[in-house]
Structure formats: structure tokens, C-alpha cells
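A single structure is presented below for examination.
The values are calculated or read from the model by the stated rules, or taken from the named source; none is laboratory data. The shown structure was predicted, so the numbers you read here are calculated from the model rather than taken from an experiment. A quick note on method: Cβ atoms are made from the backbone with ideal geometry, for glycine too, and the neighbour counts reach across all protein chains shown. Side chains are part of the model used for accessible areas, which takes the heavy atoms of the whole protein and leaves out ligands, DNA and RNA. Shrake-Rupley method; radii C 1.70, N 1.55, O 1.52, S 1.80 Å.
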Amino acid sequence: MKTLISRRRLLQGGAALGLAGLPFAAPEFAFAQAGSSVTVRVDRDLQNLDPARRIGSVEGNILRATMRRLTQFAPNSFEVINDAAESMEQIDETTIEFTLKPGIMFHQGYGEMTAEDVKFSFERFNNPAEGEDPATYAADWSALERVEVTGTHSGRLILKNPAPALWLIALSDISGCIVSKRAFEELGSERMKTTVIGAGPYEMTNWAPNSSITLAANPDYLGDPPMFPEIVLLPIQEPQTAQLAFRSNEVHFTKLDSPSAAAALQREPGTEIINRDSINYVWIGMNVQKAPLDDLRVRQAIRLALDVDEILLAAWDGAVGRAHALMAPGLLGHWQDAPVHAQDLDAARALLAEAGHGSGLNLRLTLLNRPAYQTAGLVAQAQLAQVGINLELEVLDGGTYWSMGEGEAGENLELSIQRFGGKADPSFQTQWFVTGQIGSWNWQRWSSEEFDQMNAVADSTVDEAVRAETYIRMQELMDESSAYIWLTHEVNLFAVKDWLEPAILPNGDDWQYAHFAPA
Amino acid sequence: MTATLARIWGSGTGRLGLVLVVLVVLGALLAPLIAPHDPNQIAVMNRFSGPTLQNPLGTDQLGRDIFSRLLYGTRIALGVSILSILIAFVAGLLLGIAAAYLPPRLERVILIIFDIISSFPSLVLALAVVALLGPGLWKIILIVSVTLVPHFGRVARAQTLALKNSPFLEAERVLGASPARLVLVHIVPNVSGPLVVLASMDIPVVIAIEAGLSFLGVGVPPPSPSWGTLLNDGYAYLDQSIWMAVFAGLALTIATLGFTLFGEALRDAVDPKLRTEP
């Protein structure tokens with residue numbers, strides 16, 4: 001029998017084959033449609049990828065994409081949803097039970113994720129291994145007493161006290177990342193500063209120091225694959241260079257440091273500008289342990305000599321609101337009635353004379369080499385000169401600047417312009433100002449027993465009204481110290497190519513690369 | 001001197017160089033008289049202003065007058081250049097003459113030191129030293145001086161070697177002149193001529209190094225109006241105003257071009273091989 005294949009039949013057969021094969025090709029199709037990779041500008045290179053000792057959001061954002069937590073934040077929000085956990089249940093105020101999804105595999109053949117990995121990951125914050133430094137983010141897990149393993153995939157978190165912030169600050173965020181116990185034991189904690197063995201949707205496949213960091217989609221990821229097969233991070237410190245890189249399409253997504261930069265890029269074709277409120281905080285701090293700043297009158301005089309509104313106008317084009325306290329509006333514990341310290345040069349001079357510095361004073365202001373901070377420093381320098389304070393500016397690059405709180409450098413710091421990122425729970429904001437952070441992130445070296453006690457109380461109180469009241473009292477204590485001159489909570493501005501839909505958590509610093517999608 | 005100046009004036013590029021150098025030097029000397037404002041006086045409400053009668057070259061991100069800052073910046077650029085080159089000139093001259101007269105082993109030690117210093121690019125060495133000791137005007141002057149010493153030292157040594165066995169020095173020696181007299185009265189004046197030409201050629205290089213360090217934020221500390229700092233500010237705020245970058249760049253161009261043309265014309269004027277008139 002002869003089989004004749006006509007042209008029509010051939011086309012019909014081809015179409016049928018194509019339709020039949022479509023489901024198998026679907027994931028590849030998604031990648032192809034979205035483009036091969038997204039390039040994101042980060043403002044510095046990575047320094048420490050250990051979740052317990054990370055430096056900031058650069059590392060945090062990499063870990064968020066490459067690791068899994070029991071719970072995570074839904075895209076663009078602080079809503080908590082399950083991640084590696086199949087189920088999570090708060091049994092009582094101090095007990096949380098979890099069950100892991102079976103079959104979650106760590107990168108590079110480090111095996112399946114088990115409850116033992118969860119126990120190791122969380123307990124190491126407060127019990128560092130021999131030879132390890134104390135965890136920078138130990139406060140996130142300060143309420144944890146122990147993790148009990150009840151099965152290969154199940155366990156129980158036992159808390160010392162109720163911890164209302166635990167879900168937001170620890171479990172669902174970077175401190176909740178589940179690391180591979182085997183990888184830490186085999187590779188050592190030193191190596192883990194620059195290596196990620198996670199189980200997240202992306203895998204860090206390449207790090208060229210000061211050049212690029214590559215995150216490639218994890219083929220073994222248990223869950224919906226990311227929309228882009230590759231995210232490349234380019235460390236570009238200089239904001240102007242970042243803008244040029246964005247204009248030349250070398251970078252597809254970047255945070256902007258000023259409203260004027262946003263206005264300039266707004267005119268670029270194919271560009272979207274994203275503007276979000278911020279809960280970050282920028283301030284001028286004074287080291288209360290270093291003479292002459294150990295004299296309250298000198299600190300009060302400096303606060304009275306500065307005109308914060310003029311600093312904001314010059315450094316941020318007047319496009320950001322003035323901060324009056326640590327907590328941004330909208331946060332639990334926001335101090336609505338915080339005092340607004342206005343410039344009063346006569347009162348400042350009188351206080352300086354009373355403190356024995358009527359003939360003048362030499363001080364140093366340490367700051368990061370960003371145009372906004374440098375401008376703020378120059379304005380502060382000119383303002384303080386009016387009351388006889390000769391302010392020397394010490395402008396540092398990111399690598400040097402961020403280690404200034406440690407050791408002898410920290411003891412010798414005088415004034416500094418600082419900027420920290422905020423999180424959804426106020427306990428994250430207050431933790432850096434406790435006595436235990438001196439020598440690490442408490443650059444003002446201000447120590448108040450009352451503040452420390454209240455911080456511990458607020459951490460373990462479930463009643464929101466009591467917590468809010470406690471945080472306001474803590475901010476009053478900070479104000480009385482005069483060691484903090486609050487500048488702004490900033491605004492979050494981003495430039496993004498119009499084909500890209502980034503995923504940004506409400507604080508603006510935390511990005512979810514795994515949820516970046518085609519627009 | 002007059003003849004040398006006349007020879008410089010006689011060449012087109014030399015004349016342009018001389019005019020530019022005189023302008024820059026006058027700007028530096030007369031800055032307090034010419035500048036319409038205090039270079040560090042901020043006026044935030046008037047920032048990023050374009051050129052106006054009140055601010056001839058506009059204002060910067062803090063409302064400071066760009067013209068006044070450029071004028072005072074001339075003092076920093078020339079001050080750093082002249083002081084650095086003077087120190088390097090004297091040190092290079094002394095070490096070069098010493099190397100020519102000392103025993104071969106000591107001469108070798110001096111030359112090795114010259115080689116070691118020369119092996120570091122001056123900007124990289126300056127960055128390393130500033131990273132260790134922190135920024136500051138005197139530190140920059142010292143760093144630049146050290147990097148220039150071998151430059152002068154080698155020429156001084158070569159000139160001294162060529163001179164020390166010349167017949168007129170031999171005659172002096174036979175007549176009983178002391179070694180100190182030979183060096184001070186004959187060697188130093190004869191060696192200094194070529195070094196002066198070298199010095200004039202080095203001024204633009206030092207201006208560029210100082211501006212480069214200040215541009216990178218490791219040079220003259222703020223609020224001193226270094227041209228490099230002004231350029232950096234101009235770059236950072238290019239979106240808001242082009243005037244800072246344009247005028248700071250122009251000032252740097254005028255100064256380096258002027259000194260380069262002047263240096264080349266001076267070299268040609270004092271080099272007998274290039275002289276055409278009797």
C-alpha cells in the first residue's frame with residue numbers, strides 16, 4: 001500500500017505535532033519571551049553572605065533569591081506566606097510548629113533540606129561556633145530558646161518569651177534563611193562569607209569581585225521557576241555612573257539617590273520611574289564617648305547650630321520630608337509629637353561658652369562619598385562655622401566607611417552621617433542603638449540601661465498599644481541624649497526599563513529578584 | 001633672560017603659552033581682589049544658577065560662586081605645583097650631583113632608590129599614601145615631590161658627569177679651587193638651566209595630579225576649592241547644571257595648555273641646538 005502525503009496533510013501534521021509539544025516547551029517559552037537576563041545596579045560589592053553576619057541589603061537581596069525560608073513575603077508586600085514550610089502553626093505564644101516540604105534540594109549536591117538544617121540555621125545566631133564572631137543580627141533571634149527536631153521534615157521553635165516581631169523580622173526575612181548544615185561544616189564559615197549554598201529559585205553561579213555577580217535560575221528549584229533565567233548584579237557605587245549605565249541600557253534597574261536624577265531619567269524613552277515612601281532613616285550622629293562630644297551641652301549646641309531644612313534643601317533638593325525621630329510615619333511607635341529642633345545660633349554659642357569652648361572647637365564629620373551626603377556635610381560645615389566649630393569632613397568609600405564603627409576607629413569617630421534601612425517592625429530599627437551594638441553598629445556609642453530594658457520589653461510584648469508607647473518613650477530617651485540629629489526618612493526612587501516589573505518590598509531597600517517579571 | 005623671553009615671544013605657541021601662564025598667575029595672585037564673593041559662602045536658595053551679573057560663571061550645588069571658587073582654586077593648583085616642584089628640584093639637584101661625585105657603590109644606591117620611586121606611577125603611589133595617611137594639602141605636596149625627585153636627580157647626575165671632567169673645571173681645580181667652590185660656583189648654575197626647563201614642563205603634570213586626587217576625593221579636603229573638587233561636583237550634578245563641569249574643565253585646560261606650551265617654548269629657547277639666530 002502506498003501512503004501519499006499531500007502538502008495540506010503535511011501542514012496539518014506539523015501543526016498537530018507543534019500543539020502536542022507545546023506543554024513541554026512552555027517553561028522555555030516563558031524564558032525566551034522574558035529575555036535572557038536582567039541587569040541590576042547595586043551600590044557596592046558583596047562583603048558577607050552569611051545570613052547571620054550580612055552587611056546590608058546587597059547581600060540580603062542575593063540571599064532572598066538564592067535561599068529559602070520557612071515563610072517569605074509575598075511579592076511587593078510584607079504579607080507572610082509559606083516558603084519551604086508546607087505548614088506553620090503558632091501553637092501558643094512561645095511555640096511554633098513547622099513541617100518542611102519534602103524534596104527541597106540544596107545547590108551543588110548538598111542534599112535535601114531537613115529540620116536539622118532549620119535548627120542549625122536559627123540556633124547559630126545566638127550560639128556561634130567556636131572561632132566565629134558573634135552574629136551581627138543576633139537580636140533577630142534573641143527570643144529563640146531552641147529548635148526541637150521532631151522528624152526529618154518537622155520541628156518546633158521554642159521561644160523564651162512571646163516575640164511579636166519574629167514572623168516579620170526573623171522567620172520571613174533574611175535571618176530566617178535556611179542554610180545547609182553540611183555545607184557550613186564542610187566548607188567552613190569563612191568560605192561561606194562569599195559562597196551561597198541555598199535552595200532558592202536562583203543560584204549564585206559567578207562572583208567577579210567589584211565587577212559582577214551572576215544569579216542563574218536553579219533548575220532543581222521546587223516551586224514556580226523565576227521569569228528570568230539570569231539576574232546580573234553590577235556594583236556601581238557612583239550614582240552618576242549608574243545613571244549613565246541605565247541610559248546606555250547596560251543596567252535595567254537601579255535605585256536613584258535624588259529626585260533630580262529621577263527627573264532627568266524620566267525623559268529617557270522606555271523608562272519608568274517608581275516613587276515610593278520610605279521607612280529608612282538618615283541622621284547626623286555624635287559619639288558620646290569621645291571628648292568633647294561626651295559633654296551634653298556640646299551636643300545640644302551642635303543640634304541648635306544646624307538648620308536641618310537647609311541641609312535637606314541642598315542635599316535632597318528639598319524633595320524629602322524632615323524626620324523628627326527614628327520611626328517613620330505609618331510605623332508602629334511613630335512619635336507624632338516629636339520635638340522639632342529649630343536653629344538657634346545664640347543659644348548654641350551660649351552652650352558652647354558654658355561648656356568651655358567659647359573660643360572655638362575642631363571636630364570631624366565622617367561620611368560616605370555620595371553626592372547627597374557630601375552636600376549635607378558641606379552645609380553642616382558652613383552652619384557650624386557660624387558658632388565657631390571648625391568641622392573637618394572625612395569622606396570615605398563604602399568599604400572603609402561601613403567598618404568605621406569597629407575597634408579603635410569606632411572609639412575615635414566623632415560625628416557621622418548615617419543611613420540605615422528600616423523594616424516593617426520597629427524592633428528592627430531600635431536594635432542598633434542598644435549597648436550591645438557598641439563597637440558594631442551603634443556608632444554613637446550611646447548606652448542607656450532604660451533604653452535596653454525597654455527594647456527587650458517591647459520585643460516580647462504582644463499588646464500593640466503597649467509596644468507603641470514603649471517605642472515612643474525609647475525615642476524620647478534618644479532625643480534627650482542629643483546624640484542624634486534626624487535628617488530624613490528619604491523617598492525611594494527607582495529607574496526601571498518599561499519592559500520590566502521589579503518586585504520591591506515596601507521599605508524600598510529589599511528587592512525580590514525571584515519575582516522580577518516582564519511588564 | 002630678556003633674550004630667552006624674546007625667543008619665547010617670537011614663536012606663536014610660545015606667545016600663547018606665555019599669555020595663558022600670565023593670566024593664570026595673575027588670577028592666583030589677585031584672587032582676593034578680583035573674586036566677587038567668598039569662595040566658601042553658601043547660598044542654598046541660589047544654587048545651580050547660570051551665569052549672571054552677580055555670579056559671572058553661575059553657582060554650584062550650594063549656591064557658591066563658581067568664578068570665585070575657580071580663582072581661589074588657581075592658588076591651590078599653582079601652590080601645590082610650585083612647592084612640590086621646588087622641593088623635588090632641590091632634592092633632585094643635590095642627590096644628582098652627589099651621585100656623580102660619590103663612589104660607584106653609593107651612586108648605585110641612589111640610582112636604585114630613583115628606580116624604585118620611578119617604578120610606581122605617581123597617581124597610584126599618591127592614592128596609596130593618602131589611603132594610609134589620609135588626605136591633606138601638605139601630604140599631596142610631599143607625595144608629588146617624592147615622585148618627581150628621580151626625574152630631576154637623573155638629569156642633574158648626567159649633567160654633572162658631563163661637566164666634572166671638562167677643561168674649565170680642570171683648570172679651576174689646578175688653580176686650587178675647593179670641591180665646594182667647584183660645585184657651588186660652576187656645577188650648580190650649569191646644571192640648573194636644564195632643570196628649570198624640566199620644572200616648567202612638570203607644572204601641568206602636577207596640576208593634573210592634584211586635580212585628579214581631588215576629583216577622586218582624596219586630595220585637598222573640602223571646602224577648599226580645588227579644581228578637581230569642582231570638576232567632581234560638576235560631574236555629580238551634571239543633570240542640574242553644566243556650568244561647574246564646563247568652567248572647571250576650562251580652567252584646567254587653560255592652565256595645563258599654557259604651561260605645556262610655555263615649557264616647550266622655554267626648552268626650545270634655551271637649547272642651543274635649536275637656536276637659529278646667532
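Picking from A:L363, A:L313, A:L351, A:L326, which residue would you name as being in contact with a strand residue (DSSP E or B) (Cβ under 8 Å, 6 or more places away or on another chain) and not in a loop (DSSP other than H, G, I, E, B)?
Unique residue meeting the criteria: A:L363.
Restricting segment A:84-129 to residues that are touching a residue at least 60 places away in the same chain (Cβ under 8 Å) and under 21 Å from the mean Cα position of the chain (by Cα), which is nearest to A:A217 (Cα to Cα)?
Across segment A:84-129, the extreme among qualifying residues is A:S121.
Let me ask you something else. Within segment B:20-37, does at least one residue satisfy the condition of being open to solvent by less than 70 Å² (accessible area, probe 1.4 Å) and over 25 Å from the mean Cα position of the chain (by Cα)?
Among the residues of segment B:20-37, at least one is open to solvent by less than 70 Å² (accessible area, probe 1.4 Å) and over 25 Å from the mean Cα position of the chain (by Cα), which makes the answer yes.
I'm trying to understand the selection: among the residues of segment B:164-203, which are under 30 Å from B:A255 (Cα atoms) and of a type in the set (A, V, I, L, M)?
B:V188, B:V191, B:L195, B:V196, B:V197, B:L198, B:A199, B:M201, B:I203, listed by residue number.
Then there's this: Would you mind telling me which numbered condition in (1) open to solvent by less than 50 Å² (accessible area, probe 1.4 Å); (2) among the hydroxyl-bearing types (S, T, Y); (3) in contact with a strand residue (DSSP E or B) (Cβ under 9 Å, 6 or more places away or on another chain) A:Y110 fails?
Unmet for A:Y110, out of (1) open to solvent by less than 50 Å² (accessible area, probe 1.4 Å); (2) among the hydroxyl-bearing types (S, T, Y); (3) in contact with a strand residue (DSSP E or B) (Cβ under 9 Å, 6 or more places away or on another chain): (3).
Scan segment B:202-218 and report the pairs whose first residue is within 14 Å of chain A (Cβ to nearest Cβ) and whose second residue is open to solvent by less than 20 Å² (accessible area, probe 1.4 Å) and modelled with pLDDT of 90 or more, with Cβ atoms within less than 8 Å and a gap of 6+ or a chain change.
B:L213/B:G228; B:S214/B:S226; B:S214/B:W227; B:S214/B:G228; B:F215/B:G228; B:L216/B:G228
Can I ask one more? Taking only segment B:1-42 into account, find how many residues are assigned to a loop (DSSP other than H, G, I, E, B) and modelled with pLDDT under 90.
Number of matching residues: 2.
Given the condition of a type in the set (D, E), within 20 Å of A:M105 (Cβ to Cβ), away from chain B (no Cβ under 12 Å) and in contact (Cβ under 8 Å) with a residue 24 or more places away in the chain, answer yes or no: does some residue in segment A:242-253 qualify?
The answer is no, given that none of the residues of segment A:242-253 is of a type in the set (D, E), within 20 Å of A:M105 (Cβ to Cβ), away from chain B (no Cβ under 12 Å) and in contact (Cβ under 8 Å) with a residue 24 or more places away in the chain.
Another question about this same structure. Can you tell me which residue in segment A:373-385 is most open to solvent (accessible area, probe 1.4 Å), limited to those that are at the interface with chain B (Cβ under 10 Å from one of its Cβ atoms) and within 23 Å of B:V130 (Cβ to Cβ)?
In this case the residue turns out to be A:Q374.
Go through segment B:43-62 and give me each residue that's at pLDDT below 95 and within 14 Å of chain A (Cβ to nearest Cβ).
B:A43, B:V44, B:M45, B:N46, B:R47, B:F48, B:S49, B:D60, B:Q61, B:L62
It is to be established whether one or more residues within segment A:166-185 are open to solvent by 60 Å² or more (accessible area, probe 1.4 Å), free of Cβ contacts under 8 Å to residues at least 40 places away in the same chain and among the charged types (D, E, K, R).
Yes, that holds for at least one residue.
Going through A:L293, A:L367, A:L352 one at a time, which residue ends up being open to solvent by less than 60 Å² (accessible area, probe 1.4 Å) and either closer than 30 Å to A:D463 by Cβ or within 14 Å of another protein chain (Cβ to nearest Cβ) (or both)?
Exactly one residue qualifies, and that residue is A:L367.
Regarding A:G398, is this residue under 30 Å from A:L171 (Cβ atoms) and within 14 Å of chain B (Cβ to nearest Cβ)?
yes
How about segment A:142-165: which of its residues are surrounded by 24 or more Cβ atoms within 10 Å (Cβ to Cβ) and out of contact with any Asp or Glu (no Cβ under 7 Å at 6 or more places or on another chain)?
Across segment A:142-165, the qualifying residue is only A:L157.
Moving to a separate point now. Sort through A:G399, A:G388, A:G436, A:G407 and tell me the only one that's on the phi > 0 side of the Ramachandran plot, modelled with pLDDT under 95 and open to solvent by 30 Å² or more (accessible area, probe 1.4 Å).
Just one listed residue meets the conditions, A:G407.
Being open to solvent by 20 Å² or more (accessible area, probe 1.4 Å), within 14 Å of chain B (Cβ to nearest Cβ) and touching a Phe, Trp or Tyr at 6+ places or on another chain (Cβ under 8 Å), is that true of even one residue in segment A:325-346?
no
Could you list, in sequence order, all residues of segment B:219-251 that are among the aromatic types (F, W, Y), farther than 19 Å from B:L137 by Cβ and open to solvent by less than 40 Å² (accessible area, probe 1.4 Å)?
B:Y237, B:F247
Restricting to segment A:40-58, count the residues that are part of a helix (DSSP H, G or I) and surrounded by 24 or more Cβ atoms within 10 Å (Cβ to Cβ).
Counting residues in segment A:40-58 that are part of a helix (DSSP H, G or I) and surrounded by 24 or more Cβ atoms within 10 Å (Cβ to Cβ) gives 0.
Restricting the search to segment B:97-146, which residues are under 20 Å from B:A156 (Cα atoms) and within 20 Å of the chain's Cα centre (by Cα)?
If the condition is that a residue be under 20 Å from B:A156 (Cα atoms) and within 20 Å of the chain's Cα centre (by Cα), then B:F114, B:I117, B:S118, B:V144, B:S145, B:V146 are the ones that fit.
Which pairs have Cβ atoms under 9 Å, sit 6 or more apart or on different chains, and link a residue in segment B:134-163 that is within 14 Å of chain A (Cβ to nearest Cβ) and open to solvent by 50 Å² or more (accessible area, probe 1.4 Å) to one that is of a type in the set (A, V, I, L, M, F, W, C) and not in a helix (DSSP H, G or I)?
B:P135/A:V395; B:P135/B:V218; B:P135/B:V220; B:L137/B:V220
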